[in-house]
Amino acid sequence: MLDWYDHHARDLPWRIPPDASQQGVKPDPYRVWLSEVMLQQTTVAAVKSYFERFTRLWPTVTHIAHAEDAAVMAEWAGLGYYARARNLLKCARVVAGDLGGVFPPTAEGLRQLPGIGPYTAAAIAAIAFGAKETVVDGNVERVMARLFDEHTPLPKAKPILTTHAASLTPPERAGDYAQAVMDLGATICTPRSPACGICPWREPCLARQRGTAASLPKKEPKKAKPVRFGYAYVGRRADGAWLLETRPERGLLGGMLGWPGSDWTDEPDPNPPAEANWRVLGTEARHTFTHFHLRLQILTAELPVSASPAVGGFLAAQDFRPSALPTVMRKVFDLASPSFPPIEHAQTRR
Ligand code: SF4
């Protein structure tokens, strides 16, 4: 596996390539930590550009620890699971403030930090510090299920697959090995059509021998997600400023910028943030969160300069970046903004 990795490792912006790794070049724990937090629940393709922008803006953990919360949340917008960004800041401030800017080198030490669970701790310890930790993500689960022809469905199979993965983790180059299995799952042992013919594990692989690879890993059937409804109010003042709120720290999209609105429930009550002639937009915004589908009724209004909203505040057009909105709020803006006539001198940055 390591030999295969030495020749076929993916080129990733947070990774030390295997040849450099073998010559003793050590990964930067800050970059490994940042990439692992970003990769929780998100794909490599989605993370790359965020990672490059974050490391350009904040090249070390001390830089990001001193960043404004709003600036980090705005850069995180679109990556989803916003609690991760809040924990990212908390963690950076503990490492920069209490630990002299140095990440603990063990999984146990890393787990004490905000936002670092068992998986992320194992991944950082292995990849950044070469610790012999077993790292099991979705790719590794799939590879192990096939290699051992394990038919117990996920999530029940998790401990079994972790035991299999642990049995194969070598004492040397544990970080490269963890990344090798992840790469194998991402590029060869893919969900639909594994390329067994070029797989370095084709000889020992039981699923390949028995012809079961494409049906593994087995999964418990997923429960249907409920649908929730809500109202979102997009108000623009006569001078072009937008009425926005910073959402409460706790709860979905906590700390992110958004349009004022109602609760998201089966039967939400309308909750306009200011007196105005709110008009219902013909189309609703739809978005899927982990546990439910959301359908937002959008209302728009032109507000007078004298408007004093009960919720949120006005953000001047030149200070408003739609890219700083989380995805569902961005969808609302993209649907609502064409219904506003252009305002001279009030330009919104993209
Ligand atoms: S032989 Fe096929 S099924 Fe087995 S690990 Fe390799 S790619 Fe996956």
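The values are calculated or read from the model by the stated rules, or taken from the named source; none is laboratory data. Here the structure is a predicted model, which is why all the values come from computation and not from measurement. No Cβ is skipped: glycine too gets one built from the backbone with ideal geometry, and neighbour counts run over all protein chains shown.
I'd like the full set of residues that are assigned to a loop (DSSP other than H, G, I, E, B) and at pLDDT 95 or above, limited to the range 192-204.
The answer is P194, A195, C199, P200, W201, R202, E203, P204.
Looking for whichever is assigned to a helix (DSSP H, G or I) and more than 12 Å from the ligand (Cβ to nearest atom) here; the options are A207, A232, A214, A165. Which one fits?
On inspection, the qualifying residue turns out to be A165.
Just need a number here: residues in the range 118-144 that are part of a loop (DSSP other than H, G, I, E, B) and acidic (D, E). Full working, then the answer.
Step one: of the range 118-144, the residues part of a loop (DSSP other than H, G, I, E, B) are 130-137.
Now drop any that are not acidic (D, E), which leaves 133, 137.
Residues in the range 118-144 being part of a loop (DSSP other than H, G, I, E, B) and acidic (D, E): 2 in total.
Look through R247, R237 and report the one residue that is free of Cβ contacts under 8 Å to residues at least 12 places away in the same chain, touching a strand residue (DSSP E or B) at 6+ places or on another chain (Cβ under 6 Å) and away from the ligand (no atom under 16 Å from the Cβ).
Values: R237 fails: free of Cβ contacts under 8 Å to residues at least 12 places away in the same chain.
Every option except R247 fails the conditions.
Name every residue in the range 255-305 that is touching a Lys or Arg at 6+ places or on another chain (Cβ under 6 Å), small (G, A, S) and part of a loop (DSSP other than H, G, I, E, B), in order of residue number.
Correct list: G255 only.
Determine whether the range 149-159 contains at least one residue that is within 16 Å of the ligand (Cβ to nearest atom), assigned to a helix (DSSP H, G or I) and in contact (Cβ under 8 Å) with a residue 12 or more places away in the chain.
no
When the residues of the range 217-229 are filtered to those that are over 22 Å from V328 (Cα atoms) and in a loop (DSSP other than H, G, I, E, B), which remaining residue is nearest to the ligand (Cβ to nearest atom)? If you could, list the steps in order and put the result at the bottom.
Start the filter on the range 217-229 by keeping residues that are over 22 Å from V328 (Cα atoms), which leaves 217-223.
Next cut, in a loop (DSSP other than H, G, I, E, B) only: 217-218, 220-223.
Values: P217: 11, K218: 14, E220: 21, P221: 23, K222: 23, K223: 28 Å.
So, considering only residues that are over 22 Å from V328 (Cα atoms) and in a loop (DSSP other than H, G, I, E, B), the one nearest to the ligand (Cβ to nearest atom) is P217.
I'd like to check something: does the range 164-180 contain any residue that is under 23 Å from the mean Cα position of the chain (by Cα), more than 20 Å from F51 (Cβ to Cβ) and not acidic (D, E)?
Yes, some residue in the range 164-180 is under 23 Å from the mean Cα position of the chain (by Cα), more than 20 Å from F51 (Cβ to Cβ) and not acidic (D, E).
Here's the yes/no breakdown for (1) at positive phi; (2) more than 16 Å from the ligand (Cβ to nearest atom); (3) in contact with a Leu (Cβ under 8 Å, 6 or more places away or on another chain); (4) without any contact (Cβ under 8 Å) to a residue 24 or more places away in the chain:
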residue	(1), (2), (3), (4)
G97	no, yes, no, no
E108	no, yes, no, yes
E133	no, yes, no, no
E141	no, no, yes, no
R146	no, no, yes, no
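With respect to the numbered conditions (1) under 29 Å from A74 (Cβ atoms); (2) within 16 Å of the ligand (Cβ to nearest atom); (3) of a type in the set (G, A, S), which one is the sole condition not fulfilled by A85?
If we test A85 against (1) under 29 Å from A74 (Cβ atoms); (2) within 16 Å of the ligand (Cβ to nearest atom); (3) of a type in the set (G, A, S), just (2) comes out false.
Can you pull out every residue in the range 172-204 that is within 8 Å of the ligand (Cβ to nearest atom), within 26 Å of V25 (Cβ to Cβ) and surrounded by fewer than 19 Cβ atoms within 10 Å (Cβ to Cβ)?
Within the range 172-204, just P200 meets the criteria.
Please specify each residue of the range 48-71 satisfying the condition of being among the aliphatic types (A, V, I, L, M) and at pLDDT below 95.
Going residue by residue through the range 48-71, those that are among the aliphatic types (A, V, I, L, M) are 57, 61, 64-65, 67, 70-71.
Within the range 48-71, A70, A71 meet the criteria.
Condition check: under 22 Å from the mean Cα position of the chain (by Cα) and at pLDDT 95 or above. Does A285 satisfy that?
Values: under 22 Å from the mean Cα position of the chain (by Cα): yes; at pLDDT 95 or above: yes.
The answer is yes for A285.
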